[in-house]
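K.L.:
The structure is given below, and queries will be raised subsequently.
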Amino acid sequence: MRRDQRAKGLLYLRGLLLDGRRKSMQPMAGRLGVDHQQLQQFMTSSPWPVQDVRAHLAWRAVRVGRPQVWVVDDTGFPKDGISSPGVARQYSGTLGKVGNCQIGVSVHAASDTASCPLSWRLFLPAVWDDPDAAARRAVCRIPAGEGHRPKWRLALEMLDELAATGLRPAVLVADTGHGANADFRHGLEARGLAHVLQAKGEMTPMA
């Protein structure tokens, strides 16, 4: 990473850590006393290796936090407009209802005293694959090969990437949003991952 990119990266990190509810570019820039374009350019134009950074953070989280379990979960981010990547009217457990929001899928390492994300993905609803979403995709710089994938598949992809770096959970837990999905359960079994999943009352035991 170039020196100027490193400086902008530290600036962006400071903006995230400062007090303030909104963590988008302009509010953070206002709190930092800088032009928001500096932060925008860092996020949209810096060619730093995301995978390497995530792997480093994941290993550090596991060493320091000593997690008992990994947690697969979804988080909703309410939005007012339609321009943010992946935004759509969809169910959010965070909101407890259907609303205009983005959804992030994450794998967290958790203990009885701490929790830290090991990996995360932005869920892209199927409507973002429609031809009439082409303009929004272009503005958001969503790659042509990136399309809708169900949340359970995003979770398995993250677990595979973490496993490739040498990280596997002692036990993986998830709520019924994932536990009720047979494809997700089969994926965990195929990978030999111990898991405890919340299930719906009408589900029958697997043979």
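The values are calculated or read from the model by the stated rules, or taken from the named source; none is laboratory data. None of these values were measured; they are calculated from a predicted model. Please note: Cβ atoms are built from the backbone with ideal geometry, for glycine as well, and neighbour counts cover all protein chains shown. Each accessible area value is taken on the protein alone, full model and side chains, heavy atoms only, with ligands, DNA and RNA left out. Shrake-Rupley method; radii C 1.70, N 1.55, O 1.52, S 1.80 Å.
K.L.:
Could you please state how large a percent of the accessible area of the chain is carbon and sulfur, counting protein chains only and using a 1.4 Å probe? Display every interim value, and only then the final one.
P.N.:
Numbers: 6950 of 12630 Å².
Its accessible area is 55 percent carbon and sulfur atoms.
K.L.:
Run the numbers on segment 101-198 and let me know its relative contact order in percent, using alpha-carbon pairs under 8 Å that are six or more apart.
P.N.:
Relative contact order for segment 101-198 comes out at 22 percent.
K.L.:
Now for a separate question. Any idea how many Lys pairs in the chain come in under 29 angstrom at the alpha carbon, given 8 or more places apart or on separate chains?
P.N.:
Within the chain, the lysine pair count is 10.
K.L.:
Per-residue ellipticity at 222 nm for the chain, helices alone: DSSP H runs ≥ 4 residues times -39500 (n - 2.57), over residue total, nearest 500 deg cm²/dmol? Intermediate results must be reported in sequence, preceding the final value.
P.N.:
Numbers: 8 runs with 83 residues, N = 207.
Result for the chain: -12000 deg cm²/dmol, rounded to the nearest 500.
K.L.:
Something else about it: Name the most mobile residue of ARG153, ARG168, ARG14, meaning the one with the largest mean-square fluctuation, in a Gaussian network model of the chain with Cα contacts below 10 Å.
P.N.:
ARG14
K.L.:
If you don't mind, another one. Set the Förster radius R0 to 30 Å, insert the Cβ-Cβ distance between SER24 and ASP129 as r into 1/(1 + (r/R0)^6), and round the FRET efficiency to 0.05.
P.N.:
Details: r = 25 Å, r/R0 = 0.85.
The formula returns an efficiency of 0.75 here.
K.L.:
On a full-extension model of 0.36 nm per residue, what is the gain between LEU11 and SER46, subtracting their alpha-carbon distance, rounded to one decimal in nm?
P.N.:
Length gained between LEU11 and SER46: 11.2 nm.
K.L.:
If you don't mind, there's one more thing I want to ask. Probe of 1.4 angstrom, ligands and nucleic acids ignored: what's the accessible area per residue over the chain, in square angstrom?
P.N.:
About 61 Å² of surface per residue is accessible.
K.L.:
Still on this structure, I have one more. Of the listed values (i) 11.7; (ii) 10.6; (iii) 14.0, identify the label whose number matches mean projected area of the Cα convex hull in nm² calculated from this model.
P.N.:
The value computed from this structure is option (iii).
K.L.:
Taking the full set of protein chains and a 1.4 angstrom probe, give the accessible area of LEU13 in square angstrom, rounded to the nearest 10.
P.N.:
It works out to around 90 Å².
K.L.:
Who wins for biggest fluctuation among VAL72, VAL107, VAL34 in a Gaussian network model of the chain, springs between alpha carbons below 10 Å?
P.N.:
VAL34
K.L.:
Taking a 1.4 Å probe, which of ILE82, ILE103 shows the most accessible area, and what order do the others take after it?
P.N.:
Putting ILE82, ILE103 in descending order of accessible area: ILE82, ILE103.
K.L.:
Right, another one. Restricting to Cα pairs below 8 Å that are 6+ residues apart, what does the relative contact order work out to for the chain? Please round to a whole percent.
P.N.:
Once normalised by length, the contact order is 16 percent.
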